[in-house]
Amino acid sequence: MNTDEIERLIEAGIDDADATVTISHGTAEDDHYAARVVAPAFEGESLVDRHQRVYDALDGHMTTDIHAIEIETYAPGEAD
């Protein structure tokens with residue numbers, strides 16, 4: 001799975017989300033990803049709920065294609 005595919009999954013699973021995914025470290029077989037996601041859906045939600053939305057958008061890929069992912073979530077206006 002590559003970064004573009006992960007971005008598409010997140011953006012398809014969370015309304016009006018803007019996702020940026022990079023490889024934070026790893027090897028071709030064991031990539032660790034970093035995702036920065038900005039979405040209006042996050043307004044008023046806890047950090048745990050925001051991260052759960054991202055995991056839900058990634059569906060079963062977290063147990064098959066993605067070894068690890070660091071997630072930063074923001075509502076519009078919260079991001080630097």
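The values are calculated or read from the model by the stated rules, or taken from the named source; none is laboratory data. Since this is a predicted model, take the numbers as computed values, not measurements. Glycine gets a Cβ as well: all are built from the backbone with ideal geometry, and neighbour counts include every protein chain shown. Accessible surface is based on the protein model in full, side chains and every heavy atom, while ligands, DNA and RNA are left aside. Shrake-Rupley method; radii C 1.70, N 1.55, O 1.52, S 1.80 Å.
For the reader, a short list of remarks on this structure follows.
- Under the convention that each Lys and Arg Cβ holds +1 and each Asp and Glu Cβ holds -1, the size of the dipole of the chain around its Cα centre is about 100 debye.
- Share, in percent, of DSSP beta bridges within the chain that are antiparallel, nearest 5: 50 percent
- When you filter the GluC sites (Glu not before Pro) in the chain for DSSP loop state and at most 16 other Cβ atoms inside 10 Å of their Cβ, you are left with Glu29, Glu43, Glu45, Glu78.
- The chain has equivalent-ellipsoid semi-axes of 21, 12, 11 Å, by the square roots of 5 times the alpha carbon gyration tensor eigenvalues, sorted largest first.
- For a paramagnetic label modelled on Thr20 (point 7 Å from Cα along Cα→Cβ), amide N atoms under 14 Å away belong, within region 30-44, to 34-39.
- Leu47, Leu58, Leu9, reordered so the largest accessible area comes first (probe 1.4 Å): Leu47, Leu9, Leu58
- Mean ellipticity per residue at 222 nm, deg cm²/dmol - from DSSP H runs of n ≥ 4 across the chain, formula -39500 (n - 2.57): -9500 deg cm²/dmol
- Accessible area per residue, Å², the chain with all protein chains present, probe 1.4 Å: 60 Å²
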